[in-house]
Amino acid sequence: MSGGAAAAFFDLDKTILARSSALAFAKPFYKGGLIGRSDVIRSAYAQFLFLASGADHAQMESMRTYMSDLVNGWDVAKVREIVAETMDDIIDPTIYAEAVALIDEHHDAGHDVIIISSSGTEVVEPIGDRLGVDIAIGTQMAIEDGHYTGEILFYAYGESKAEAMRELAAERGYDLAESYAYSDSITDLPMLDVVGHPTAVNPDDELRAIATERDWPIMDFEKPVSMRSQVRTSQKVAAGAGVAIGAAALGLAWYARHRRA
């Protein structure tokens, strides 16, 4: 459903997935010749830290710089090919069953479901497509002649997530006071603050404390399972039929405005 009164905004990592989507493809990218062995080791260590304690502001800014330098010159088509070929093995088994059920509940209530994640669009959009969400927004890298330049057009993090949600609400008629947001990280506090129904999912210590203080719902997801076994057939058909195309079309106009700004 598009243009409904309410929408549900989901962070991706540790909210829908039981791992960092940005770091999960280190080994496939290494095998594909995009990164070196030291990058694989660094990504594995970062994944461990992320799973153990989440990511704070300093770590997110460090990741931004690292990823910007790392992807400079990468062939975009090759990245998309690797993500598509390895999605079943890398991402598919890590989806939380509770998150899929929650997405279903929102769709049943007539809410649009939006994923907004700091991971790149080439990762976020295929995951959103498979989950059958209505829109998937990720960090957008500049592309010239089919290759990343290293410039970040939009970093889907912190206050930028909240700004994207406000713009999307204005474009599609969402009532943010009636809308929902789900995240695990204190860095997504702006995202949670912008809606009337925020929920902390697998929250880090800081977010758990704030959620408790403000009497927000807290959910702890524990059951990562295969997306293929959990996502509704009807949602997968809908996604394949046009959800990703709609998200991409919206994204191009939206990111272009941000680049001009």
Contact list please: Cβ distance under 7 Å, first residue in the range 102-128 and within 25 Å of Ala177 (Cβ to Cβ) and crowded, with 24+ Cβ neighbours inside 10 Å, second residue modelled with pLDDT under 90 and of a type in the set (Asp, Glu), pairs at least six apart or on different chains. Ser117/Asp13
Mind checking which pairs have a first residue in the range 164-188 that is within 27 Å of Tyr96 (Cα to Cα) and a second that is among the basic types (Lys, Arg) and not in a helix (DSSP H, G or I), Cβ under 8 Å, 6 or more apart or different chains? Asp184/Lys14; Ser185/Lys14
Just to be sure before I move on: is Leu250 modelled with pLDDT under 95, under 14 Å from Phe10 (Cβ atoms) and assigned to a helix (DSSP H, G or I) in the structure I sent? no
If you go through the range 147-163 one residue at a time, how many are under 27 Å from Thr212 (Cβ atoms) and in contact with a helix residue (DSSP H, G or I) (Cβ under 8 Å, 6 or more places away or on another chain)? 6
In the range 176-211, anything out of contact with any Asp or Glu (no Cβ under 6 Å at 6 or more places or on another chain), hydroxyl-bearing (Ser, Thr, Tyr) and under 17 Å from Ala164 (Cα atoms) is listed as Ser179, Tyr180, Tyr182, Thr187
Odd one out for Ala181, checked against (1) farther than 16 Å from Ser117 by Cβ; (2) among the aliphatic types (A, V, I, L, M); (3) not in a helix (DSSP H, G or I): (1)
The condition from (1) closer than 20 Å to Ile115 by Cβ; (2) modelled with pLDDT of 55 or more; (3) touching a Phe, Trp or Tyr at 6+ places or on another chain (Cβ under 8 Å) that His258 misses is numbered (2)
Scan the range 184-215 residue by residue and report those that are assigned to a loop (DSSP other than H, G, I, E, B) and surrounded by 17 or more Cβ atoms within 10 Å (Cβ to Cβ). Asp184, Ser185, Val194, Val195, Asn202, Pro203, Asp204
Does the range 228-239 contain at least one residue that is modelled with pLDDT under 75, surrounded by fewer than 17 Cβ atoms within 10 Å (Cβ to Cβ), among the aliphatic types (A, V, I, L, M) and not in a strand (DSSP E or B)? yes
Taking the stated definitions as given, is Met141 under 29 Å from Val194 (Cβ atoms) and either of a type in the set (Lys, Arg) or modelled with pLDDT under 95 (or both)? yes
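The values are calculated or read from the model by the stated rules, or taken from the named source; none is laboratory data. Predicted model, so just to flag it, every value in this text is computed and none were measured. Please note: Cβ atoms are built from the backbone with ideal geometry, for glycine as well, and neighbour counts cover all protein chains shown.
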